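Chemist: Just dropping this structure here.
Each reported figure results from applying straightforward, stated rules to the coordinates on display, with no laboratory input. Here the structure is a predicted model, which means the values were calculated and not measured. When we count neighbours, we look across all protein chains shown, and the Cβ atoms used for this are built from the backbone with ideal geometry, even at glycine.
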């Protein structure tokens, strides 16, 4: 019987979770406070996954970069492949939160989506300011 | 001079949540003053995920979390001014601010909500000896360069301080192609969240050296290397434990300081422990009608709690400007909340029982790492709460809740004590 | 062919350049750094000494007192910050009173005005935070504080406007006598000149020894300092010295012209002429000794520490004059404390020597005044409002700690000998000098520098040379 001690990353509480293993088989999960911890632990010992966040360059906007994330968690060993797939990528404004920036990142079947808005840049700073000033 | 019922200083997470809550509590005349080019504050550069589980029941990135609140501010048609720096606030709540289009202008506020956030401690505050080359950045400055400008501040990195921003930046720099060699922490425990050690350091095999500090910085033009040494219980480097690292960058994540220059300028009393304003149950400072929330009040780990706290400040400010009788406006007798035996401080530090909401959250931090301790609450001599916590650490904010109906049972209540007790 | 080449754009080199620009001459300043005020002149106590320290009859004493007297008028003509706040040399031991008296006597002999020994009671009234042990102090009302960057830059800008050329990033590697004067070899090519002024600070011996058989030796003597937040700036109201010991003037505590509190320096001899690194021992010494004369110092409020090198000449005297065995080569060496105070007088003296050597005529077109960078915080509200209407960049705050606007930063970059780096902007405007130590404003100032200089942000440096701030773009190495 093997034992894996983990810290759950499901939420900021960081519960210490113990997984009892019999070979590849999970015998029990303990120490978690909520079902998320159980799910995390089972995945972490079999197929660990992570959400990956990064940025890509945006053209024609007031901002330089658009932040992005994998829409779902991807296998841990695909993290760098995913980031490399974003290398050199440039998108054009406008970009809205949720827009797909890169489909099926590094063959994971998971899309990379924008996590911020990037509006087109304005011709005049003053107008830009008025446009964004509330009311 | 323009007049607003509520002027909110800062359009970050605290300012946004306070504005939304004040508007929903029935106050229409609200103005947010923000110095950056967009609302959202520091969240815009916190592109990692992990925000919003409490508030939205889902895991969001910083910009997405900010986006949710910005949408509400737009929908509720709350006024805001960007690119606007508040220069001064007088004790009678006249706000002097400046931007390129309006110039230097004054606004009369019925109530003020302080939501300016915090700043990072700099190298200077640590007195690390050595040269002063390029390549020494606070973690937040590096975060801005990488996440907002797309610039890489260095390729071989050492990080001093294991606060959350330092941990997050260890992963960010790694994923952008830099080599993060080590994270050193002066204290015998990390100042960051446990999960960030797992997913930012362990995932990338970045070592965390506890009880270590930087004792020398080499390089005259650009950082060329640093020396780490182990420290004793008092934080002094132990001779003979020095280890040299070659690197071109030193990132510092050595603490955050509430940004209260405006507050102290207007006469707001500050706590020596938190460096934030001393507040009552309404999150109101010693100046009537001036409220504080978020990192300007005390440094938080989680934005969700900032939003919660700021929403309370917004509600209370709205009640303050709407109320006609003096008793519910402000002032009045306060029951002191005393933080002792391992509890460093509480926010709030005093409660007016008549005025408090049905349930009052009291947030606090502990002074060290405590295992299997109890958090106890005493009303004068009587213990009313005694809750076991497996682990508590200075890096993680704790809270207790007080019920109004329970406190009302003690009409002569003088002191509420929050302390840690052994099993 | 130049008439005069000045080696070094520190405060004595630039003061000399400015004074020489009163005459008709082709003048050039060679500086190895990327900007003026990059060596000894940028890291010192920023004090205008009264003049009681140096031995009576020494050049040091004479130029100190002269320089101090020139300070007020010069600060108005050239628009740099100077405040005559007075100094106190604190005696904490009755037995040392004769030393205090000796200092008084020397000051009087040196021509220092207004000196007075104040007793315990008066001292405490003047400085409530003075140490309980203090028994008396020498009060020198003529001492003051000055902005060392402001003064150095003002000299340089005024010289440039009056026709002096400046060559930065140019390091002198050899000097040869020619028939008509001197040939200077640099890493950027050769320069010919009739006359050389050696104002090379800690390198003045290296330069001098290139041409003269009478070798001199300059020892870099390091001083470590701690700078405290503005919240501590009023802890004392005058410059507080300890009664001098064997090494320099001991640890002093002084307000700065910008409202901070400065504590230091140590006095540690080093071999390294670039050794401006602080050390643990040095900083500990500052922290330990600072409290000897001033109590309750809020050392929690330290916002930065730094070290500077004094150009210590072995006889502790200014070496100013034509070198005996090198006609047309003028030394301006050994300029350590009170060099900053003396610099206006040093400039006049050097210019006088060169004028006689070369028989220079007066420059009728000389403009003796200069406007510094406009500081909107010093304007009345209405004028400030008008300024922002005329130029909206003055409404955009870039450095939140020191409240420096984009307008000031643009001015610092565009003016003669304008800023090229973060430190250049910092010394001219104070952006980045506040309590967050540039954490907030450095990316913003980098953007403005890149825009104004037509450069990519990756080319922007902290202080020229190899001090680049960013090394690439995201993912470029993946």
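Chemist: List, largest first, the extents of the alpha carbons of segment B:122-254 along their principal axes, each in whole Å.
Modeler: Computed over the Cα atoms, the extents are 39, 36, 24 Å.
Chemist: Let me know the volume per residue of the alpha-carbon convex hull for segment B:380-423, in Å³.
Modeler: 93 Å³
Chemist: Any idea how far apart residue A:26 and residue C:476 come out in nm if each label point goes 7 Å out from Cα toward Cβ?
Modeler: A separation of 4.4 nm, rounded to one decimal place.
Chemist: At a Förster distance of 35 Å, what's the computed FRET efficiency of residue B:227 paired with residue C:217, Cβ-Cβ distance as r, to 0.05? Write out the running numbers ahead of the final one.
Modeler: On the way: r = 32 Å, r/R0 = 0.91.
The pair residue B:227/residue C:217 has a calculated efficiency of 0.65.
Chemist: If contacts are Cα pairs under 8 angstrom and at least 6 residues apart, what is the relative contact order of chain B in percent? Mind showing how you got there, number by number?
Modeler: Numbers: 1024 pairs, mean separation 66.6, N = 423.
Normalised by residue count, the contact order of chain B is 16 percent.
Chemist: Would you mind getting me the FRET efficiency between residue C:83 and residue C:206? Use the beta-carbon distance for r and R0 = 25 Å, nearest 0.05.
Modeler: That pair, residue C:83 with residue C:206, gives E of 0.10.
Chemist: Which distance in Å, rounded to a whole number, links the C-alpha centroids of segment B:281-332 and segment C:235-300?
Modeler: 43 Å
Chemist: Could you work out the relative contact order of segment C:376-459, using alpha carbon pairs under 8 angstrom and six or more residues apart, expressed as a whole percent?
Modeler: Working: 97 pairs, mean separation 19.4, N = 84.
Contact order relative to length: 23 percent.
Chemist: Would you mind checking the radius of gyration and Dmax of segment C:23-99 based on alpha-carbon positions, in Å?
Modeler: 17.3, 57
Chemist: Over all alpha-carbon pairs in segment B:53-150, figure out the percentage whose distance exceeds 21 Å. Don't skip to the end; give the middle numbers.
Modeler: Working: 2948 of 4753 pairs.
Here the long-distance tail beyond 21 Å is 62 percent of all Cα pairs in segment B:53-150.
Chemist: I'd like the orientation of helix B:13-24 relative to chain B: the angle between its Cα long axis and the longest Cα principal axis, in ° from 0 to 90, rounded to 10.
Modeler: 20 degrees
Chemist: Using only Cα positions of segment C:1-153, each an equal point scatterer, no hydration layer, compute I(q)/I(0) via Debye at q = 0.14, 0.15 Å⁻¹ and quote the log10 values to two decimals.
Modeler: The computed values of log10 I(q)/I(0) come out as -0.79, -0.87.
Chemist: Same structure, new question: Of the listed peptides B:166-172, C:22-28, B:295-301, what is their order by residue-averaged count of other C-beta atoms within 10 Å, with the highest listed first?
Modeler: Descending mean neighbour count gives B:166-172, B:295-301, C:22-28.
Chemist: How long are the semi-axes of the ellipsoid equivalent to chain C, from square roots of 5 times the Cα gyration tensor eigenvalues, in whole Å, largest first?
Modeler: Here the semi-axes work out to 33, 31, 22 Å.
Chemist: Ok, one more. Can you give the angle from 0 to 90° between the axis of helix B:164-175 and the longest principal axis of chain B, with both taken from C-alpha atoms, to the nearest 10?
Modeler: Tilt relative to chain B: about 50 degrees.
Chemist: Pulled fully out, how much extra length does the chain show between residue B:374 and residue B:357, if you take 0.36 nm times their separation in residues and subtract their Cα-Cα distance? Walk me through the numbers on the way to the answer.
Modeler: Working: separation 17, 0.36 × 17 = 6.12 nm, distance 2.56 nm.
Length difference between fully extended and current span is 3.6 nm.
Chemist: Given the convex hull over the Cα atoms of segment C:126-242, what projected area results after averaging over all orientations, in nm²?
Modeler: 12.4 nm²
Chemist: Let me ask something additional. In whole Å, how far is the Cα centre of segment A:1-53 from that of segment B:1-44?
Modeler: Rounded to whole Å, the Cα centres lie 41 Å apart.
Chemist: For helix B:62-75, what angle does its Cα long axis make with the longest principal axis of chain B, in degrees from 0 to 90 and rounded to 10?
Modeler: Helix B:62-75 sits at roughly 30 degrees to that axis.
Chemist: Could I ask something else about it? Arrange C:97, A:65, C:403 by Cβ neighbour counts within 10 Å, fewest through most, would you? Don't jump to the answer; show the numbers that get you there.
Modeler: Values: C:97 14, A:65 23, C:403 18.
In order of increasing Cβ crowding within 10 Å: C:97, C:403, A:65.
Chemist: Still on this model: Roughly how crowded by other chains is peptide C:395-401, in terms of the mean Cβ count from those chains within 10 Å of each of its Cβ atoms?
Modeler: Counting Cβ atoms of other protein chains within 10 Å of each residue's Cβ and averaging gives 6.
Chemist: Can you compute the modelled spin-label distance between residue C:327 and residue B:272, with each label point 7 Å from Cα toward Cβ, in nm?
Modeler: The answer from the label model is 7.3 nm.
Chemist: Could you give log10 I(q)/I(0) at q = 0.29, 0.32 Å⁻¹ for segment A:12-56, computed by the Debye formula over C-alpha point scatterers of equal weight, without solvent?
Modeler: -1.10, -1.22
Chemist: Report the Cα centroid-to-centroid distance between segment B:205-233 and segment C:127-142 in angstrom, as an integer.
Modeler: The distance from the Cα centre of segment B:205-233 to that of segment C:127-142 comes to 41 Å.
Chemist: If R0 is 30 Å, what FRET efficiency do you get for residue C:73 and residue C:375 from their C-beta distance, rounded to 0.05?
Modeler: Calculated value: 0.90.
Chemist: Which value in Å is the Kirkwood Rh of segment C:376-459 over different Cα pairs? Could the numbers behind the result be given before it?
Modeler: On the way: mean 1/r = 0.0775 Å⁻¹.
It works out to 12.9 Å.
Chemist: Could you give the Stokes-Einstein D for segment B:332-423 in µm² per second, using the C-alpha Kirkwood radius, 25 °C, 0.890 mPa s?
Modeler: Answer from the Stokes-Einstein relation: 184 µm²/s.
Chemist: Between residue C:109 and residue C:367, what length in nm is gained on full extension when 0.36 nm per residue of separation is reduced by their alpha carbon distance? The partial results should precede the final answer.
Modeler: Working: separation 258, 0.36 × 258 = 92.88 nm, distance 3.59 nm.
Additional length available on full extension: 89.3 nm.
Chemist: Here's another thing I want to ask about it. For chain B, with equal point scatterers placed on the C-alpha atoms only and solvent neglected, what are the log10 I(q)/I(0) values from the Debye formula at q = 0.11 1/Å, to two decimals?
Modeler: Taken in order of the listed q values, log10 I(q)/I(0) reads -0.88.
Chemist: May I pose another question? What do you get when you divide the Cα radius of gyration of chain A by 2.2 N^0.38 Å, with N the number of residues?
Modeler: Details: Rg = 20.4 Å, N = 135, 2.2 N^0.38 = 14.2 Å.
Rounded to two decimals, the normalised Rg is 1.44.
Chemist: Per residue, what volume in Å³ does the convex hull of the Cα atoms of the protein assembly as shown enclose?
Modeler: Values: hull volume 197.5 nm³, N = 1036.
Dividing the Cα hull volume of the protein assembly as shown by its residues yields 191 Å³.
Chemist: Give me B:307, B:21, C:12 ranked fewest to most by other Cβ atoms within 10 Å of their Cβ, as a rough exposure proxy.
Modeler: Neighbour counts put them in this order, fewest first: B:21, B:307, C:12.
Chemist: Need one number: nm distance between label points at residue C:234 and residue B:37, each 7 Å from Cα along Cα→Cβ, rounded to one decimal.
Modeler: 3.9 nm
Chemist: Here's another thing I want to ask about it. Over the Cα atoms of segment B:284-337, what is the Rg over Rh ratio if Rh follows Kirkwood?
Modeler: Details: Rg = 12.4 Å, Rh = 12.2 Å.
Dividing the radius of gyration by the Kirkwood radius yields 1.01.
Chemist: Inside 10 Å of the C-beta atoms of A:49-56, what's the mean count of C-beta atoms belonging to other chains?
Modeler: Mean inter-chain Cβ contacts per residue within 10 Å come to 6.
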